[in-house]
1. Return yes or no: is Asp407 of a type outside the set (Val, Ile, Thr), assigned by TED's automatic domain parsing to the domain that holds Tyr535 and in contact (Cβ under 8 Å) with a residue 24 or more places away in the chain?
2. Please verify whether the stretch 405-418 includes one or more residues that are surrounded by fewer than 24 Cβ atoms within 10 Å (Cβ to Cβ) and on the phi > 0 side of the Ramachandran plot.
3. With respect to Thr219, is the statement that it is in contact (Cβ under 8 Å) with a residue 60 or more places away in the chain and hydroxyl-bearing (Ser, Thr, Tyr) true?
4. Output the residues belonging to the stretch 389-422 that are polar (S, T, N, Q) and out of contact with any strand residue (DSSP E or B) (no Cβ under 8 Å at 6 or more places or on another chain).
5. Just a yes or no: is a residue in the stretch 424-433 out of contact with any helix residue (DSSP H, G or I) (no Cβ under 6 Å at 6 or more places or on another chain), over 19 Å from Thr202 (Cβ atoms) and not small (Gly, Ala, Ser)?
6. Only one residue in Leu347, Leu358 is in contact with a strand residue (DSSP E or B) (Cβ under 9 Å, 6 or more places away or on another chain), in a strand (DSSP E or B) and over 17 Å from Ala405 (Cβ atoms), so which one is that?
7. Please go through the stretch 445-462 and pick out each residue that is crowded, with 24+ Cβ neighbours inside 10 Å and closer than 18 Å to Lys495 by Cβ.
8. So which pairs qualify, if the first residue must be in the stretch 359-372 and of a type in the set (Lys, Arg), the second must be crowded, with 21+ Cβ neighbours inside 10 Å, the Cβ gap must be under 7 Å, and the two must be at least 6 apart or on different chains?
Amino acid sequence: MNKVSIKNRNIIHRTALAVVMVASVFLLAVVLIMLLQYRQIKRTEPLDSPALSGLRERYITDERGNEQLKEQIRQLDLLSRRAWFTGQDQLHTGGFLIIGGMIALLTALQVAASTRPFPETPPGGSASTDRAAARARIGIAIGGGTVLLLSVITVFLVKPFAPPVAKTAFSAMKVVNIQPAETPVSPEEFNRNWPFFRGADTIGVAGNRKLPGDWDGKTGKGILWKSEIQLQGYNSPVVWGNRVFVSGGNKQIRELYCFNGTDGKLLWRLAADNIPGSPATPPEVAEDTGYAAPTMATDGRRVFAVFATGDLVCADMDGKRLWAVNLGVPKNHYGYSSSLLIVDGRLIVQFFDENRQLLAALNPDNGKPVWSADRKTSISWSSPSVINAAGRKLVVTITCDAVEAFDAASGSPVWQLNCMGGEVGTSAAYSEGRILVANDNACAAAISAIDGKLLWKNNELTLPDVASPVAFENAMYLFASSGVVSCVDAASGKKLWEKELGTGFYSSPLLVSGRIIVFNMEGNAFIIKPDREKYIQEAAWTLGEKVVATPAVVDGRLYIRTDKFLYCIGDKTE
């Protein structure tokens, strides 16, 4: 071998050893950071924060119900949860960095071993120098191997990637080809009622319904009745005929309620108890979520409710329990909040867990699965929507990573688009073949309902994090928790206008008879005329209580849920 070849071989060898050293230092740094981050996350679970616990105890003992303290708890709770999720994301990123570093280290060790150097000096040179070089190579190899072992141990300890699938009731159920019960009513009657979150169409478009005229919650003008709800819940009312349904719960008990739509009298209440598999100790949940966040669903014969414990209950319209099942306790730091739907006689349930994201269609007669779809995506706090695209019904879901579409009849995946981010709590809107999504710390985007192709994406808007968007005549309207209202062109994603209204929005907007009605968190209602040029407010009313749930609009009446009460607003002649 000539001197030039020996020199080149030695250069490659020395370069490989240098890469081994750099990769080892890099891996050691990443391992140390990941272990520290892992320790911090384990010591500071969001729900076990001493600061939060202290504030909650102060709020409980404060007989005045300090609203400022309550808001302080909410903000600290939100910050601690975001920090926890940021830490989880950093661990996930660290896992990929370790894999990359390990690949570089292994490759460099292999190259160093295969290019063992030849002496560049004539024979007879210093033997001690050769021995020192050999010891250095052995030391680097041992050091590199030790770093590799530490990296592997760290990955197994921290588990930065997808954990094992959690066991739920669906894990033990065999999915069989059960024919779902026939829909007991016509689609027209379904649309006349308010059976789900955001209405029968699930996207907040309520058709040509009548809104009540002038009203005022403080004076009682236009308030037909006001009824107390025994247990707190953030779910929205659903209505069928003359029956209004909500649910409530706390650590001790979860319940379903049915009120008379005419006079507000409580017709029945049903406890969700004695359910096999239900946890003896309910999970901890966020202040903004509670134990009864998912909105119920009804098909006119039965009513369905699901709670933060994973308990799913079916009752008839007179309050008799027909069946109940525990889906598994959702490991979810904000709490379980995905609302229920009924599509073509099937009960659609979305189960969000840190370990498993499940979408299932159940036979409403007995709770047995018709189809079940596991998804390789992340958690979120969003509720599914149903979109009709080219004669096909799609169940559209949004996670913290992606927007997905499933065939409503079979549950088979149709498409998935990874375009989201942050902590997603909003649901989808729809306009002229475009599925429209928007969430704070992510983006606003339009997606083709047919093939899932991204049509546009805009992350420079003031985006909502709870209130879902609504669409009208090729424009999307956004209501942010910061109090900013935006209008966006649905075809291009261009911002058309923006208006600051002060108090923010958690309640989702509804399009009713060509007008948008929306409640802010102070309980002020706005009637807005959709317009692409400017913000046009036609009316504003005040309820006088905090509103975070989305109202129901049926037969000229507006049903609104607050922390403690259910209101019915309408004209006296209705």
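The values are calculated or read from the model by the stated rules, or taken from the named source; none is laboratory data. Keep in mind that this is a model prediction, so the values were computed, not measured. Backbone-built Cβ (ideal geometry, glycine too); neighbour counts: all protein chains shown.
1. On the way: of a type outside the set (Val, Ile, Thr): yes; assigned by TED's automatic domain parsing to the domain that holds Tyr535: yes; in contact (Cβ under 8 Å) with a residue 24 or more places away in the chain: no.
Taking the combined requirement at face value, the residue does not satisfy it.
2. There is at least one residue in the stretch 405-418 that is surrounded by fewer than 24 Cβ atoms within 10 Å (Cβ to Cβ) and on the phi > 0 side of the Ramachandran plot.
3. Numbers: in contact (Cβ under 8 Å) with a residue 60 or more places away in the chain: no; hydroxyl-bearing (Ser, Thr, Tyr): yes.
So Thr219 does not fit the description; no.
4. Residues of the stretch 389-422 polar (S, T, N, Q): 397, 399, 410, 412, 416, 418.
Scanning the stretch 389-422 gives a single hit, Asn418.
5. No, the stretch 424-433 contains no residue that is out of contact with any helix residue (DSSP H, G or I) (no Cβ under 6 Å at 6 or more places or on another chain), over 19 Å from Thr202 (Cβ atoms) and not small (Gly, Ala, Ser).
6. Details: Leu358 fails: over 17 Å from Ala405 (Cβ atoms).
Exactly one residue qualifies, and that residue is Leu347.
7. Residue satisfying the conditions is Ala446 alone.
8. Lys368/Leu362
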